[in-house]
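Note sheet for the following structure.
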């Protein structure tokens, strides 16, 4: 139950470099008028970043493209996508995803 | 009668924007946070971090990917400077999330936006941006409700992971590691379905995935995410300008 000083240093440093990108655009950009083209660009950021994260999670192993090594995750992605499209429920999607992976690992 | 309807309308409006509604809108993400936070606690524990250190990390850093990296690099005796630099690069994508939310908080003072931004995560961003459909601003109270619920849940989850980590040998057996990808799938699909820019969004999404795969050969995972986001969003902007 102790805090070592070099660990504390790492935690404080890491928290500062995490905080800055989180708050800076919100603090600066919300003060100024953003031009139309930039607004249009920003409107595509959510879809782009979420798709990139999904791609990374499903298709990369340790940050490298692995020629579809994650069989179970890829199969489980089908019912997960379907649930999201049909129900638009985040909780339902997460539950179907987890249960699909659990069942696939049991039987494959 | 007229007055009654008016009052009722106002009531609904208040509830939509309230702190409590923010708490409720956070509920679907809790399971994902719980499993990832739990895993982060377990990893911290196996890296030799004390429970106080793990808790401090969740309180101050509050970012899953960063906490996994810190634990891993401490275990492999990385230097403080290299650990902090890696965390910085991994979390650069928050710049884009924060920028994308900024138009919806244009009425707030810098101190208030600081409070909102400091608890911004991939998941709370996803919930918030899905809330912006047909709106030009978001409620500050609602955002705090969402953020604080997610934050407390994360701290509880990492603490539980740190305590129970010693007895859990295989969390993957229960599919819990799939909570995060499943949550991103849900946020992506809900975003595309609710925006009504179906074709353009699909083009942007597919390009983002292709760019992540392509750049992963020479960029680290987090830089690949940033490159894919910037290029795919630019593509979306250009395609929209053409039509």
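Table for the structure above
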{"item": "Odd one out for residue B:213, checked against (1) farther than 30 Å from residue B:46 by Cβ; (2) outside any loop (DSSP other than H, G, I, E, B); (3) more than 8 Å from chain A (Cβ to nearest Cβ)", "result": "(3)"}
{"item": "Test: residue in the stretch B:97-113 that is closer than 12 Å to residue A:15 by Cα and not in a loop (DSSP other than H, G, I, E, B)", "result": "no"}
{"item": "Residue list for the stretch B:159-171, filter: modelled with pLDDT under 70 and surrounded by fewer than 14 Cβ atoms within 10 Å (Cβ to Cβ)", "result": "B:169, B:170"}
{"item": "Residue B:141 vs. criteria surrounded by fewer than 21 Cβ atoms within 10 Å (Cβ to Cβ) and at the interface with another protein chain (Cβ under 7 Å from one of its Cβ atoms)", "result": "no"}
{"item": "Filtered residues of the stretch A:74-108 (kept if outside any helix (DSSP H, G or I) and either under 18 Å from the mean Cα position of the chain (by Cα) or at pLDDT 90 or above (or both))", "result": "A:88, A:89"}
{"item": "The stretch B:211-222: number of residues that are over 13 Å from residue A:58 (Cβ atoms), at pLDDT 85 or above and surrounded by 17 or more Cβ atoms within 10 Å (Cβ to Cβ)", "result": "2"}
{"item": "Members of the stretch A:25-43 found to be part of a helix (DSSP H, G or I) and within 7 Å of chain B (Cβ to nearest Cβ), listed by number", "result": "A:25, A:26, A:27, A:29, A:37, A:39, A:40, A:41, A:42"}
{"item": "Considering residues of the stretch B:49-83 that are more than 10 Å from chain A (Cβ to nearest Cβ) and part of a loop (DSSP other than H, G, I, E, B) only, the residue surrounded by the fewest Cβ atoms within 10 Å (Cβ to Cβ)", "result": "B:77"}
{"item": "Qualifying residue in the stretch A:49-70 (condition: within 7 Å of another protein chain (Cβ to nearest Cβ), touching a helix residue (DSSP H, G or I) at 6+ places or on another chain (Cβ under 6 Å), surrounded by 22 or more Cβ atoms within 10 Å (Cβ to Cβ) and modelled with pLDDT under 85)", "result": "no"}
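The values are calculated or read from the model by the stated rules, or taken from the named source; none is laboratory data. The structure displayed is predicted, hence computed values, not measured ones. No Cβ is skipped: glycine too gets one built from the backbone with ideal geometry, and neighbour counts run over all protein chains shown.
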